[in-house]
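Worksheet: one structure, shown below.
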Amino acid sequence: MKRFLLSPVSGRTARQYLFALVSAPLGLAGFVYAVVTLAVGGALSFTFVGLPLIALAIHLARQYAKLQRRMARGLLGVDIEAPPPNLRRQNAHGLLAKLGAALGDLPAWRSQLYLLVRFPLGIAYFVTLGVGVVEGLVMLTYPIWWAVFRPTNTDSHGVKHQSALQFGDGFYFDNWLRALLLTVAGVVWIYAAVWILKFLLWLDSLLMKALLGPTNSERRVEELTVSRAHAVDDSAARLRRIERDLHDGAQAQLVALAMQLGEAKENLDAGGNGAELDLTETRTLIDTAHRNAKQAINELRDLARGIHPAALDTGLRDALGTLAARSAMPVTVNVALAERPDRAIETIAYFCAAELLTNAAKHAAPTRAALSVVQEEGQLHLTVEDDGRGGAQVGYGGGLAGLLDRVRTVEGSLAVDSPQGGPTRVFVKLPMHV
C-alpha cells in the first residue's frame, strides 16, 4: 500500500519519467529517420548509392540500440543483452563483401524495425506525460495559483467567474470547495497517468527485449562458441599435463632405469673378461632398476587412469563404486540410470565425482559423503553431498571453476549450495548423449 501511495513521487518513477521524456522525442526522430532512409535507399537501390545508404542506415540503427539498452539499464533497471557483433562484416575483405555482410546484419535490421514499430509508444509517452502528468499537476495545485493569481473567466451569458478552469459551460471552479474537488481529481488523474506510463514502459521493455537483444538462436550460437572455447582450452590443458607427467615422471624413471641397467651390464662384462665381479654392487643396481621399473609402471598406470579410468569400461555404476571404495571417508553411492550415457558423458561425470570427493576430503573435513547419479527428463543428475564445514564457492581458478568449464563443454551446468557450517551439496547436470 505504501509503495502504491508513494509511486508518483518515488525515485523509480522519477527515472521512468526521465526515460519516457528522453526516449519519446528520440523515438519519433528515429521513426522519421527509419522511414526516410529506407524510402530513399529503396528508391535509389538501382544505383550505387541506394544499398550503401540502407547499409549505413541499419548500422546507425544498431548504434542507437546500444543507447536504448543503456538507458533501459540505467533508468528502468531492465538489463537487455547485447546481440552478437557482426563478425562477417569485421572479417569481410573487399567493398562488396563488406556491403553484403552489412546488409545481412539481422540485429541491425531488428533495430531498424524497433524504430518503426515503437512509433505509437512514442506518441503515447507524449500524451501520458503532457495530458496526464502535467495536466494532473495543474489540477492538483489549482487552489494555490487560483488563490494567488485570482484568474477570471466569462461564460456564454457574459457573467464573469473567478475561475481559470471550467467543466462544460455551466460549472466553474470559482470557490474553495470546487477548487479542492479539482485537487482530488488531480490526484486521481496523476495516479492514473503514472500507472498508464508504467504499463507503456512494460510494453516497451518487451519490445526492446524482442528486437534489441539476441534471439534464442543467437544465444545458442554464442553458448556453443563459448563451449567450444572451453573444450579447446580443457583439451590443451590435459595435453600439457600429460606431457609434463610423462616428462617429469615416467620418462625420468625410465632414463634412470636404463642407466642402472647399463652400469650392471658393464659390471657383468667386466667379470666376463677376468676382472673381479662385485656381486653386491651389481645386485644393488639391479634392485634399484627393478624398483624404478615398477615405479614407472605405476606412474604410467595412473596416467592412463587419468585419461580414461579402466573402471568405466563396465559402466558408471562400477566406476563410482570403485571411486567411493578408494575415498578417504565413507561414501554412499546411489546410481539409478535407465540407460547408459555416452562414454564422453560418463568420463565427465566420473571426473566430476572424483574431483568433488577429493575437494571435500581435502578442504571440508567431513565425516561422510553421499554420491548420487540419477536420470531425470533425459539428463544425468550428479549430486555430491558431504557434512563438512561448508563455504565452498565457484571461484576463479579453483577446482569448482575447472569443473564448471568441463561440464559446459557438453552444455551441462553446475550449482553449489554450501552455507558456512555445512552441509555442502554440488549439483551437476549433464546430457545423456552428446
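Keeping all protein chains in place and using 1.4 angstrom, which order do Leu67, Leu177, Leu106 fall into by accessible surface area, from largest down?
Numbers: Leu67 70, Leu177 140, Leu106 110 Å².
Most to least solvent-accessible, the answer reads Leu177, Leu106, Leu67.
If His381, His363, His59 are ordered by their accessible area, calculated over protein heavy atoms with a 1.4 Å probe, which sequence runs from highest to lowest? Write down the numbers at each step before the final one.
Values: His381 35, His363 110, His59 65 Å².
The ranking, largest first, comes out as His363, His59, His381.
Could you check the simple spin-label distance between Ser10 and Ile196, using points 7 Å along Cα→Cβ, in nm with one decimal?
2.0 nm
Please list Tyr114, Tyr64 in order of solvent-accessible area, largest first, computed with a 1.4 Å probe with all protein chains present.
Working: Tyr114 0, Tyr64 35 Å².
Largest accessible area first, the residues go Tyr64, Tyr114.
Calculate, in nm to one decimal, what Val394 and Ala344 gain on full extension: separation in residues at 0.36 nm each, minus their alpha carbon distance. Kindly include the intermediate steps, with their values, before the conclusion.
Values: separation 50, 0.36 × 50 = 18.00 nm, distance 2.33 nm.
Additional length available on full extension: 15.7 nm.
Please compute the length gained on full extension between Leu67 and Thr358, using 0.36 nm multiplied by the number of residues separating them and subtracting their Cα-Cα distance. Write out the running numbers ahead of the final one.
Numbers: separation 291, 0.36 × 291 = 104.76 nm, distance 4.83 nm.
Computed gain between Leu67 and Thr358 is 99.9 nm.
How far, in nm, would the chain grow between Leu206 and Ala336 when pulled straight, counting 0.36 nm per residue and subtracting the alpha carbon separation? Spell out each step's value before the answer.
Values: separation 130, 0.36 × 130 = 46.80 nm, distance 4.23 nm.
Additional length available on full extension: 42.6 nm.
The values are calculated or read from the model by the stated rules, or taken from the named source; none is laboratory data. Computed from a predicted model, the values in this text were never measured in an experiment. Neighbour counts are summed over all protein chains in view; Cβ atoms, including those assigned to glycine, are modelled from backbone coordinates with ideal geometry. When the accessible area is computed, the model is the full protein with side chains, heavy atoms only, and any ligands, DNA or RNA have been set aside. Shrake-Rupley method; radii C 1.70, N 1.55, O 1.52, S 1.80 Å.
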